[in-house]
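Trainee: Take a look at the following structure, please.
No value in this document is a laboratory result; all are computed from the given coordinates. Since this is a predicted model, take the numbers as computed values, not measurements. We place every Cβ from the backbone using ideal geometry, glycine too, and count neighbours over all the protein chains shown.
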């Protein structure tokens, strides 16, 4: 099988490659086509993957190109992990908002809207190419903001588009491990949108073990979500929120911490990853080890503002990015691929079309829910209705997402203004206008959306 990776020079590509190297099933991926606009970084990534493949005689063949058509043509699966505007754009997503006293974050709040505005047009162009060159391919979207981009691409490719995020699945696995349970026998009752969801029950052999966790203060003190939200708030909710809900439940604290930090996460990544590529260009060996060291530093600033740390400080142990047993995004994606191509039926939390799964949201809205995957495709599992707080927040954010998509598709500033103004973390029409003007002024790719 052929796998095409869009954004192939990105830092997640080696995780995908590691997962493919460990895969012994049949059929399996025997060709990986990397596509990126940066030829120099593409060649550096090929070096990393080749070093990782030593000792694996059946490693997939790697090709790399800056041309989209040959990368896509004949693909069975397409992974999309692109960053339109690069890390410089991400830094501006963060700073425009923070300078106005609003959350500056990559996917949540106004930064996520700005990111979506410039990413959706690219994603739709790619989708049209996929429909022409690889009409039977499954499109697995890693590109943030994942829910918005997945919903936009589905307008072209339909239900063969799936959004991948490892945050919910990772939470379920960590909880199972914390309780000493086999995660393979655990089923999650989870409902939400991407980066906005709640784990409401954790069923082990039919028994909900989540109340047991919520009463175990020692366990909550080491659980990632316990560090983020605090044990008392988890007990008050009676559920475990997706960690990105920290930006809603502790918005003032998050904004204050981010404004006081010496650099944003985007600025940290721009600095450290820039140094990585410079050092890689000076080396002839050790490319994979250099990548691993950089990833370890990269993980240290992940949501540090929510975990009691500061940018660049060591994080709690257990980050899954380098853990081969977990594999993060790559593990979820490989599981989806195996279920579809080999009929290895599995259940995983994915971003898929609602199709009536969550009452109160449109059928064609992308939701994040437990999903059965097999050779016939993806099938959302029956999901108990969310409570009023959950549904209300989901509806408001989904409305924002749809206004953002309309703005990106039609180049409509009015739709963009609605997206910013209606977001619950903005709360002001006047501020929304300042945000829109700021992003247009500082990010050329956003300005281009309204110049068509």
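Trainee: Quickly estimate the mean residue ellipticity at 222 nm for the chain, helices only: each DSSP H run with n ≥ 4 gives -39500 (n - 2.57), and the total goes over all residues, rounded to 500.
Mentor: Value at 222 nm, helices only, nearest 500: -15500 deg cm²/dmol.
Trainee: Report the Stokes-Einstein translational diffusion coefficient (µm² s⁻¹, integer) for segment 1-80, Rh taken as the Kirkwood radius over Cα pairs, at 37 °C with viscosity 0.692 mPa s.
Mentor: The calculation lands on 265 µm²/s.
Trainee: Roughly what % antiparallel, to the nearest 5, for the DSSP beta bridges in the chain?
Mentor: Of those bridges, close to 55 percent are antiparallel.
Trainee: If I take every Cα pair under 8 Å that is 6 or more residues apart in segment 388-449, average their sequence separation and divide by the length, what percent do I get for the relative contact order?
Mentor: 24 percent
Trainee: On to the next question. Find how many whole Å separate the alpha carbon centroid of segment 132-207 from the alpha carbon centroid of segment 325-384.
Mentor: Distance between centres, Cα-based: 6 Å.
Trainee: Let me ask something else. How much of the DSSP bridge set in segment 78-231 is antiparallel, in percent, rounded to the nearest 5?
Mentor: Restricted to segment 78-231, the bridges split so that about 60 percent are antiparallel.
Trainee: Kindly state, as a whole number, the per residue volume in cubic angstrom of the convex hull around the alpha carbon atoms of segment 388-449.
Mentor: So the per-residue Cα hull volume is 72 Å³.
Trainee: In Å and whole numbers, how far do the C-alpha atoms of segment 75-147 stretch along each principal axis, longest first?
Mentor: 46, 16, 15
Trainee: Starting from the coordinates of the alpha-carbon atoms of segment 118-195, obtain the Kirkwood hydrodynamic radius over all distinct pairs and give the value in Å to one decimal.
Mentor: 14.2 Å
Trainee: Given a Förster distance of 22 Å, report the FRET efficiency between residue 343 and residue 182 from their Cβ-Cβ distance, rounded to the nearest 0.05.
Mentor: Step by step, r from the Cβ atoms, then E = 0.40.
Trainee: At a threshold of 8 angstrom on Cα-Cα distance, excluding pairs fewer than six apart, so keeping six or more, what relative contact order does segment 68-211 reach in percent?
Mentor: For segment 68-211, the relative contact order is 19 percent.
Trainee: Can you give me the Cα centroid spacing of segment 1-44 and segment 213-290 in angstrom?
Mentor: With segment 1-44 and segment 213-290 each reduced to a Cα centre, they are spaced 26 Å.
Trainee: Then there is this: Going by C-beta contacts inside 10 Å, put 26, 169 in order with the fewest on the left.
Mentor: Going from least to most buried by this count: 26, 169.
Trainee: Continuing with this model, one more query. Please work out the FRET efficiency for the pair residue 51 and residue 429, using the Cβ-Cβ distance as r and a Förster radius of 60 Å; give the result to the nearest 0.05.
Mentor: My answer for the efficiency is 0.70.
Trainee: Turning to a different aspect of this structure: Which order, highest average first, do 328-338, 246-256 follow once you tally other Cβ atoms within 10 Å for each residue and take the mean per peptide?
Mentor: Averaged packing, sorted descending, gives the order 328-338, 246-256.
Trainee: Please report the relative contact order for the chain, taking Cα pairs under 8 Å with a sequence separation of at least 6, and give it as a percent rounded to a whole number.
Mentor: Reported relative contact order: 17 percent.
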